[in-house]
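The values are calculated or read from the model by the stated rules, or taken from the named source; none is laboratory data. Everything quoted here is computed from the prediction, not taken from an experiment. Here the Cβ is made from the backbone with ideal geometry for all residues, glycine too, and neighbour counts use every protein chain on show. Each accessible area value is taken on the protein alone, full model and side chains, heavy atoms only, with ligands, DNA and RNA left out. Shrake-Rupley method; radii C 1.70, N 1.55, O 1.52, S 1.80 Å.
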Amino acid sequence: QVKKALCVLIQHNLVTYQLQKRGFVEYEAQCKRVLRILRYPRYIYTAKTLYSDTGELIVEELLLNGKMTMSAVVRKVADRLTETMEDGKTMDYADVSNTFVRLADTHFVQRCPLVPETSESPDAPPPPAPTLVINEKDMYVVPRLNLVGKGEWRRSCDEEENGKHKAKKQKLDGESSEPPPDDGIYWQVNIERFHQHFRDQGIVSAVANRMDQTSSEIVRTMLRMSEVTTSSSAPYTQPLSSNEIFRSLPAGYNIVKQVLDQYLTLLADDPLEFVGKSGDSGGGMYTVSILLGGNYLSRFGSRCARIFRLLLRKKHLEQKQVEDFAMIPAKEAKDMLYKMLSENFVSLQEIPKTPDHAPSRTFYLYTVNVLSSARMLLHRCYKSVANLIERRQYETKENKRLLEKSQRVEAILASMQATGAEEAQLQEIEEMITAPERQQLETLKHNINKLDASENQVDETIFVLESFLESTVKRP
């Protein structure tokens, strides 16, 4: 059981192993990777947005199974899409294969490391743990497969139930006798690439809010040009010339070269430094800064947020200066500063004029420790997510009996509809769930949906804070 559990965890990249010098294998849990499970719905939704239903199901299957061969993914997705189509229509393997290739070309999926081929003698004992390697050039190379076929309809419930074990055996026998053409080449979701996409979307949105839609479209074009060439951990994109950016702007977006140069100059001169200028060749070389500044939100109201933004901008201020700059009465400003101080949003720095640290001869400066505040907010966000998960489990547990009854009734209805039951019979089965029970189910569904939506919203804040902390720590 322990071996099986470790296999599953390794399959999903939640545990790594390492061969120690003394000959034993050591396993390590990847806590960060475990926390990414929270973001799976967002990865799947992004794939749907970019590559329609086919892309969505490809990413979903890879996340569900950890690692899969391309041929297995294509077959499974084609079958699932065929199930949702009208009678007589099927999904062609080639269409699914093309979407898979596009996902690999844009680095949303990547190859898994493999055991290298060795020339050791067959009599030599195998090592306690294999060393997996991958050539970076091959990470996104899709094998040439001639996948011919279409998705299959699933059989009816009765047929499936009666011949389940037999069908499984036949399928396994078939697979074992003829291995797939890409046997041994496994693929996984490239989570860092999805994070890069989320970050780029955040930058485009911030530019649109700060300036206008045209500016955001220019920055979007620059990010799209750099999405595969720039590392996810790099502080800036690769330098792009004004001429290259002009040629890459979306067709039909009527911006003349002179206007583009004016926009690029405005973006480069903006204090938030979304765009930087790195040279003058090619009409001017520009980069996009991908260090995410934290979007700090105060939980103490708009006036506290005003003080917080003021301290971020001015770095160090005395209490009297905070009152004057923020234009807030002295008593209120003092209360707000002390409240934020007690919650560690701001800190107090003492600068004595004399060695005795006498209060009358000491400056007391308020400041914001940005990294400390971001870490504290991140901790609170994870605490919120844990509370939401616990609440969802509690709601489900409290209504367990009713949920089981609802599922049984739905299964009976589906079975009777398949056999062509009359409307009166179906109505009788539906009435097994009373009106109060139906109302209770609706309330439960509403609460669960609300908790799920809240979890996703908190995760968006977690992503911004984690990206900010990572980029700040990596900053040269």
Checklist entry - Rounded, prolate or oblate: which fits region 192-288 when a ≥ b ≥ c are the square roots of the eigenvalues of the alpha-carbon gyration tensor, with rounded for a/c under 1.5 and prolate only if a/b beats b/c? => result rounded
Checklist entry - Taking only C-alpha pairs under 8 Å that are 6+ residues apart, what is the relative contact order of region 192-288 in percent? => result 27 percent
Checklist entry - Residues with beta-carbon under 11 Å from that of Val141, excluding Val141: net charge, scoring Lys, Arg +1 and Asp, Glu -1? => result 0
Checklist entry - Going down the list Lys67/Lys400; Lys48/Lys89; Lys339/Lys450; Lys339/Lys383, which pairs span over 23 Å between their C-alpha atoms? => result Lys67/Lys400; Lys339/Lys450
Checklist entry - Which order do Ile412, Ile448 take when ranked by solvent-accessible area (1.4 Å probe, heavy atoms of all protein chains), largest first? => result Ile412, Ile448
Checklist outcome for this item: The alpha-carbon center of region 447-461 and that of region 52-117 are separated, in whole Å, by 28 Å
Checklist entry - Along the positive direction of the dipole of region 302-368 (beta-carbon charges: Lys, Arg +1; Asp, Glu -1; about the Cα centre), which of Thr354, Gln321, Tyr364 reaches farthest? => result Gln321
Next on the checklist: On a full-extension model of 0.36 nm per residue, what is the gain between Val25 and Lys48, subtracting their alpha-carbon distance, rounded to one decimal in nm?
Outcome noted: 4.3 nm
Next on the checklist: I'd like the FRET efficiency for Arg210 and Arg380, computed as 1/(1 + (r/R0)^6) with the beta carbon distance as r and R0 of 25 Å, rounded to 0.05.
Outcome noted: 0.40
Checklist outcome for this item: Output ordering of 422-429, 306-313 (per-residue mean of other Cβ within 10 Å, highest first) is 306-313, 422-429
Item to check | Square roots of 5 times each gyration tensor eigenvalue, C-alpha, region 373-472, largest first, Å | outcome: 43, 14, 9
Item to check | Within region 307-372, GluC sites (Glu not before Pro) in DSSP loop having at most 15 other beta-carbon neighbours inside 10 Å | outcome: Glu318, Glu343
Checklist entry - Modelled label-to-label distance, Tyr236 and Gln258, 7 Å Cα→beta-carbon offset: nm? => result 2.9 nm
Checklist entry - When the Karplus curve 6.51 cos²θ - 1.76 cosθ + 1.60 is applied with θ = phi - 60°, which whole-Hz ³J(HN,Hα) does each residue of region 410-417 get, with x for Gly and Pro? => result 5, 5, 5, 4, 4, 5, 5, 5
Checklist entry - Considering only protein heavy atoms and a 1.4 Å probe, what is the carbon-and-sulfur percentage of the accessible area of region 12-68? => result 56 percent
Checklist outcome for this item: The long-range amide H neighbours of Ser278, using H built 1.01 Å from N in the peptide plane and a cut-off of under 5 Å, are Met285, Tyr286, Thr287
Checklist entry - Taking the Cβ of Val109 as the center, what net charge do the other residues with Cβ under 15 Å away carry, scoring Lys and Arg +1 and Asp and Glu -1? => result -2
Item to check | Backbone N under 17 Å from the Glu343 label point (7 Å along Cα→Cβ), restricted to region 354-380 | outcome: 367-380
Checklist entry - Sorted by mean Cβ packing within 10 Å, highest first, what order do the peptides 354-365, 65-76 take? => result 65-76, 354-365
